[in-house]
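This report refers to the structure that appears directly beneath it.
The values are calculated or read from the model by the stated rules, or taken from the named source; none is laboratory data. These numbers were taken from a predicted model, which means no experiment stands behind them. Please note: Cβ atoms are built from the backbone with ideal geometry, for glycine as well, and neighbour counts cover all protein chains shown. Areas reflect the complete protein model, heavy atoms only, side chains present, ligands, DNA and RNA absent. Shrake-Rupley method; radii C 1.70, N 1.55, O 1.52, S 1.80 Å.
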Protein chains: 2
Amino acid sequence: MARPTPLSGFPEWLPDGRIVEQHVLDVLRRTFELHGFAGIETRAVEPLDQLLRKGETSKEVYVLRRLQEDPAEAQADKAGQLGLHFDLTVPFARYVLENAGHLAFPFRRYQIQKVWRGERPQDGRFREFVQADIDVVGAGDLPYHYEVELPLVMAEALTSLRSIGVPPVRVLVNNRKVAEGFYRGLGLADVEAVLRSIDKLDKVGADAVAELLVAEAGATPEQARACLDLAAISGADASVIDEVRALAVGHAVVSDLLEEGLAELGALIEAAAVRAPGVVVADLKIARGLDYYTGSVYETVLVGHEQLGSICSGGRYDTLATDGANTYPGVGLSIGVSRLVSRLLSAGLVRVSRKVPSAVLVAVTSEESRTRSDAVAGALRSRGIPVEVAPSAAKFGKQIRHADRRGIPFVWFVGEPDADGVVQADQVKDIRSGEQVAAEAGSWAPPAEDLWPTVLPATVPQA
Amino acid sequence: MARPTPLSGFPEWLPDGRIVEQHVLDVLRRTFELHGFAGIETRAVEPLDQLLRKGETSKEVYVLRRLQEDPAEAQADKAGQLGLHFDLTVPFARYVLENAGHLAFPFRRYQIQKVWRGERPQDGRFREFVQADIDVVGAGDLPYHYEVELPLVMAEALTSLRSIGVPPVRVLVNNRKVAEGFYRGLGLADVEAVLRSIDKLDKVGADAVAELLVAEAGATPEQARACLDLAAISGADASVIDEVRALAVGHAVVSDLLEEGLAELGALIEAAAVRAPGVVVADLKIARGLDYYTGSVYETVLVGHEQLGSICSGGRYDTLATDGANTYPGVGLSIGVSRLVSRLLSAGLVRVSRKVPSAVLVAVTSEESRTRSDAVAGALRSRGIPVEVAPSAAKFGKQIRHADRRGIPFVWFVGEPDADGVVQADQVKDIRSGEQVAAEAGSWAPPAEDLWPTVLPATVPQA
């Protein structure tokens, strides 16, 4: 077989890249568990009709068939068709309905899995990628305070990654009730059309959006101007709420829905200023997601890498799932782990201290005495030290080079009998400094920073 | 949407089952890393022609198509078709070829991922399941000692799981060179036909296999008898080697290939007797896998659950991968994690101390003072204690029941001002004993065994 080439859109990492990804996943998992989220996994497939309930995603789904399946039969059995999940929200909603009798509500869960989308791969978009989601779902109702809590958990998780070189994050928040309350108060009934227009602001600019609002949302030029004025408001403290209210008062459009939304957005900004200062920013031009979320909506950018797009998005659904009898409202966010890790690696933001777990390579003096090297390795491992044994009884210089190529910091030499038959003490050499000392496998340990591979910022992080 | 029902062959666990699975995965990962295996992940898909290089697996593959793909076009572009991987060996071989220039050989890697097979689900066989693989692959050559090392790493990993209730394991080993050397020495040239017949021993019995050997492998009744005599040999010490040699001498069939195989098998048994006493057993009737492995072959059963089949299998390939110029021999084993976890759960062998990560529920006295409860939770988390805050300011009795239903052992009450405005000390209650004490969020910690959910044997494990 000729040397294979990568498949576009299906990222894979070399072992050092995987150490970075694994570290990110470990930090996310630990943060989620510290906040009491239970981990679950769902199967990779869902019935196709469930995946297609939202028509807009229909282009992205990978459909499965068994190789030996009769195509005509498969065509007839549309209902039995399976597709790969394209996010973790659809499968989670199904899991909640399927297992509602076994879950305690509000149910807090995290879920870290791969998802697949058959779209054309481009700039940070993949066909296979890892998502890390947290959601809280209630039975019947779900208090607003979870809309404050969940983005702060994500901000904490991402901020924990600052130490390995992840840039600072900014969580941008908006609220469906504010947007809808404001637009309806202005007299604009087609809220979705307004949101679609506002969503194009970054791409086409204010003047073009004003024209769109007139042409497609039925706005007067004055209404369009008010919508753009709202979209221009952003800020990290409570004054942003006053600005929105002042703008609404100026147009005499303060509705109950707007007030409810402003109270929610204000509570989120206020709590965030205490718990994650400088991280959460109200941004009234955020429109993406507002068409299907019903309350708060979140996007997250890496400061200095804004063109990468949002690496963590989500919001509040009043109906995450429903089985007719019961409705389960939810709020959650999803981190695009592959997008984040891909940027960390491609932009050279992180480095790893070594490519293999082993802190020690135990040298082998001769194949006959390999079992003695194995015994040393076993003694070190039993005390939690990662070790491998040299592949062959080559000259010690070659064994040291073997360690050096992998970044293994220590080489262990098993003591041999001297001319008088007295077994010499074992020696361990730090191949970086060349320092070599006598050591016992039952008590020696490497410095803590050398025990496992570590992930570090490639440069000193910016303040 | 009506309440969904599970899909046969696609197992999912409730949160407590996932804690068991996650614990198993954590123990495997730690063991593999202590032995210096680097973790990698490969994409879920491979080109269909690569998946079908071994014809025998063709029935099991799930083929992907994009929902919006033109079926005629897809049919024409057979070469571009993708399928889900059915094991982790085929993708690993491709990864090695693709990245050979960036890897240091011998390359030790572990890989823990889901795989998919479109087969009819039955008794412990799934359509989607998790495998945990370790392999060592060399460039050009790979010393035999890795065939001794790798099953012992797996034995250590599985033995580490004894503490949570996994039954003892028995690793059954055989060697292609022993089997082939013996059969060829007897004058049986169609080694594959002999292996296929011997593989049916457990199902159809010795007499039927003797008939098969005559009918399908061209054996005389005496040759068939010798094959069955070989298959009857098993044992955990070096005497098993002598038995095989004595049987061969009796038929005057001691070839160099047989001697080479016996030396290898003997070395494995001898090392295993020291490093994992009682775990590894030579079993000369193992035939499955011998048709494609070229040296050692391994199967692993749970003692007392032998009818579940092998939960960890593998062997030595002389050609794991080749790109024409270079050949990469390998040896590895794969644990069927889902099969193992499914049995642990269905047979009630394990239990978990609680279903959620949280060790503490911080009660909320009133929604106005929720931020004070949040602050306590943050202080505890900053010291590594998993905590959640009560969903509502219900009566304390209800908040305690909320914790009880989840198995959260501690409820924290934030001190309130008394009649004189003096803020009382916080209190923490162990809801199992009812004991309640004053506590500070900056210093209190739960007992170590309550910090995280633990997985325990459901009954005292058998000796």
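Annotation: residue B:177 carries an accessible surface of approximately 40 Å², with a 1.4 Å probe and no ligand, DNA or RNA atoms counted.
To the nearest whole percent, what portion of all C-alpha pairs in region B:121-193 is separated by more than 22 angstrom?
The answer is 54 percent, as a whole percent.
Leaving ligands and nucleic acids aside, the B/A contact buries around 7800 square angstrom of accessible area in total at a 1.4 Å probe radius. A crude spin-label estimate for the pair residue B:318 and residue B:274, with each label 7 Å from Cα along the Cβ direction, gives 2.9 nm. Computed from Cα positions, the angle between helix A:396-406 and the longest principal axis of chain A comes to roughly 0 degrees. Starting from the label point of residue A:8 at 7 Å along Cα→Cβ, the same points in the other copies fall at 4.1 nm, in ascending order.
Summing Lys, Arg as +1 and Asp, Glu as -1, what charge do residues with Cβ under 14 Å from the Cβ of residue B:206 carry, residue B:206 excluded?
That sum, taken over residues with Cβ under 14 Å, equals -1.
Largest accessible area first, the residues B:105, A:32 order themselves as B:105, A:32 under a 1.4 Å probe with ligands, DNA and RNA left out.
Applying Stokes-Einstein at 10 °C and 1.306 mPa s to the Kirkwood radius of region B:104-150, computed over alpha-carbon pairs, gives a translational diffusion coefficient of 122 µm² s⁻¹. Taking every protein chain into account, the 1.4 Å probe leaves residue A:116 with about 10 Å² of accessible area, to the nearest ten.
Charge tally for residue B:217 (other residues, Cβ to Cβ under 10 Å; Lys, Arg +1; Asp, Glu -1): -2. Surface composition of the protein assembly as shown: carbon and sulfur atoms hold 51% of the protein heavy-atom accessible area at a 1.4 Å probe.
Per the Debye formula on identical point scatterers at the alpha carbon atoms of the protein assembly as shown, with no solvent, log10 I(q)/I(0) at q = 0.04 Å⁻¹ is -0.22.
Between residue B:366 and residue B:125, the distance separating the two model label sites (each 7 Å from Cα on the Cα→Cβ line) works out to 6.5 nm.
Here the Debye sum runs over all C-alpha atoms of region B:5-57 as equal scatterers in vacuum, and log10 of I(q)/I(0) at q = 0.13 Å⁻¹ comes out as -0.65.
How crowded by other chains is B:97-107, given as the mean number of beta carbons from other chains within 10 Å of each beta carbon?
4
Counting charges near residue B:424 (Lys, Arg +1; Asp, Glu -1) among other residues having Cβ under 9 Å from its Cβ returns a value of -3.
Put simply, the amide H of residue A:321, placed in the peptide plane, has neighbours under 5 Å in A:328, leaving out anything fewer than 5 places away on its chain.
Quick check on region A:392-444: take the gyration tensor over C-alpha atoms, sort the square-rooted eigenvalues as a ≥ b ≥ c, and tell me if it's rounded (a/c under 1.5), prolate or oblate. In terms of gyration-tensor shape, oblate. Total lysine pairs in chain A at Cα distances under 29 Å, for residues eight or more apart or on different chains: 23. Per residue, the convex hull spanned by the Cα atoms of region B:147-293 amounts to 102 cubic angstrom.
When the helices of chain A are scored as -39500 (n - 2.57) per DSSP H run of n ≥ 4 and the total is divided over every residue, the value at 222 nm lands at -11000 deg cm²/dmol. Here's the picture: a label point sits 7 Å out from the Cα of residue B:200 along the beta-carbon direction, and within region B:216-235 the residues with their amide nitrogen under 19 Å of it are B:216-232.
Considering only alpha-carbon pairs that sit under 8 angstrom and 6 or more positions apart, the relative contact order computed for chain B is 16 percent. Relative contact order for region B:360-457: 27 percent, from Cα pairs under 8 Å spaced at least 6 residues apart, divided by residue count.
Panel note: contact residues of region B:398-421 (accessible area lowered by at least 50 Å² against the chain on its own; 1.4 Å probe) correspond to B:406.
Given in Å, the Rg to one decimal and the Dmax to the nearest whole number for the Cα atoms of region B:360-457 are 13.3, 52.
An oblate overall shape is assigned to region A:340-407, the ratio a/c of its alpha-carbon gyration tensor axes (a ≥ b ≥ c) being 1.5 or greater and a/b not exceeding b/c.
With contacts taken as Cα pairs under 8 Å and at least 6 residues apart, region A:173-237 reaches a relative contact order of 29 percent.
Mean projection of the alpha-carbon convex hull of chain B over all orientations, in nm²?
Projected over every direction and averaged, the Cα hull of chain B covers 30.4 nm².
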